[in-house]
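Notes follow the structure.
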Amino acid sequence: MAQKLFLLPGDGIGTEIMAEVEKIIAWLNSQGETEFEIDTGLAGGAAYDAHGVAVTEEDVQKALAADAVIFGAVGGPKWDSVPYEHRPEAALLRLRKELAVFANLRPAICYPALADASALKRELIEGLDILIVRELTGGVYFGEPKEITDLGNGQKRAIDTQVYETYEIDRIARVAFDLARTRGNKVHSADKKNVMKSGVLWDEVVRGVAKDYPDVTFEHILADNCAMQLVRNPRQFDVIVTDNLFGDILSDTAAMLTGSLGMLPSASLGAPDPATGKRKAFYEPVHGSAPDIAGKGIANPIAMIASFAMALRYSFGMVTLADRLENAIAAVLADGLRTGDIAQDNRRTVGTEEMGAAILKR
Ligand code: NAI
Ligand code: MG
């Protein structure tokens, strides 16, 4: 049965890097390895220019009906002054909300060929393979009240509210433990239970879930210590599960251990459908639309291609194919090919298309 992919290239380099994924999909289909059915929509500035909104209802419906959404990047100076509700990023927020993707997966992998490009020493970073599982739809970014009150006499008060309910913690913890079983079998849960009630509940619920996974090693870690340990000795971690705020910071920290923004994929997963067991899923590179290099054909397509590899792995269970694609990326890097963002002396600097073609060839 054909599997439905909905592609939203977006703006700027989004269209350039998505083109490389499309070539990979076309090749896989032509080899009979996959039967992907492709539909493409507009998101961000591209949708605003065509329809006056960041994403149309029709495209939201297509995203909901797809087996996986593959998203490029949105935004750019051209749309800096469009009405707030139609700004390019509104497309992302709308899609994440409609798909209810509460689990954000951000791998931090050190490709051996790039180990010397890390801020850390090679012996600390080589072989690094961590997965940060961040709760994406709750916590302090969404809790009410969220306001700034004028107190008079020149003073104001700002309030953000951290709210978590048991079910939100339980479901993200289960995602983390399930994933750990497919990897290094270890979960660290990061919170601040020493100073936050939400941390106390977080820990209580995660510990309860851990009992259902006796085969997975579970460790609690305070979030600030986790940040320190990520930089001190990152290879002690396998899966780290944490809330929205700490996950935002810890995933960016872990990401930068491995090099360029242009290398970093992500997946966002929803709850399994009770009837089919399938999760809504949204795959995108971590970086934005890079207006400074857009249109030049020099963007690094690896984050986008690796995001597609995550789709193969997590939405379609095509683990071997995902491994092959990730190995192809590693091989091309080992061959010495570099886009400008990861350029190194004595290595050949190539453009987006050449990098994509080399990965496909591998
Ligand atoms: P950015 O991630 O687009 O770019 C930051 C720097 O990294 C730039 O120098 C860029 O050239 C470089 N870079 C990023 N991806 C690259 C790649 N694949 N290959 C080579 N170099 C790469 O972040 P920035 O500049 O803060 O934002 C630019 C636009 O993107 C803004 O409109 C912003 O709102 C939007 N944005 C969109 C996101 C999304 O669609 N998920 C996420 C972040 C920003
Ligand atoms: Mg962030």
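The residues on offer are T40, T56, and the sole one that is closer than 30 Å to T276 by Cβ and touching a helix residue (DSSP H, G or I) at 6+ places or on another chain (Cβ under 7 Å) is T56. Give G259, G297, G270 a once-over and let me know the one that is part of a loop (DSSP other than H, G, I, E, B) and either in contact with a Leu (Cβ under 7 Å, 6 or more places away or on another chain) or closer than 30 Å to R174 by Cα (or both). Residue meeting the stated conditions: G259. For first residues located in region 75-87 and in the same structural domain as G288 (by TED's automatic domain parsing), partners that are within 16 Å of ligand 2 (Cβ to nearest atom) and lie 6+ apart or on another chain with Cβ distances below 8 Å form the pairs G75/E89; G75/G288; G75/S289; G76/S289; R87/G75.
When the residues of region 340-359 are filtered to those that are within 22 Å of the chain's Cα centre (by Cα) and modelled with pLDDT of 95 or more, the one that is surrounded by the most Cβ atoms within 10 Å (Cβ to Cβ) is M355. Considering region 255-277, the residues that are modelled with pLDDT under 90 and aliphatic (A, V, I, L, M) include one that is nearest to D341 (Cα to Cα), namely L261. Evaluate the following for D39: is it more than 14 Å from ligand 1 (Cβ to nearest atom) and within 23 Å of A322 (Cα to Cα)? Here the answer is yes, as D39 does meet what is asked. If I ask for residues that are in a loop (DSSP other than H, G, I, E, B) and free of Cβ contacts under 8 Å to residues at least 40 places away in the same chain, which ones from region 192-239 would you list? Listed by number, the residues that qualify are K193, N194, V195, M196, D212, Y213, P214, D215, V216. Within region 308-321, being within 15 Å of L179 (Cα to Cα) and part of a helix (DSSP H, G or I) holds for M310, A311, L312, R313, Y314, V319. Of all residues in region 304-319, exactly one satisfies the criterion of being surrounded by fewer than 16 Cβ atoms within 10 Å (Cβ to Cβ) and touching a helix residue (DSSP H, G or I) at 6+ places or on another chain (Cβ under 9 Å), namely V319.
Inside region 220-254, residues that are within 14 Å of the chain's Cα centre (by Cα) and surrounded by fewer than 22 Cβ atoms within 10 Å (Cβ to Cβ) make up a count of 4.
The values are calculated or read from the model by the stated rules, or taken from the named source; none is laboratory data. Please read these numbers as outputs of a predicted model, since none were measured by experiment. Cβ atoms come from the backbone with ideal geometry, glycine included; neighbour counts cover every protein chain shown.
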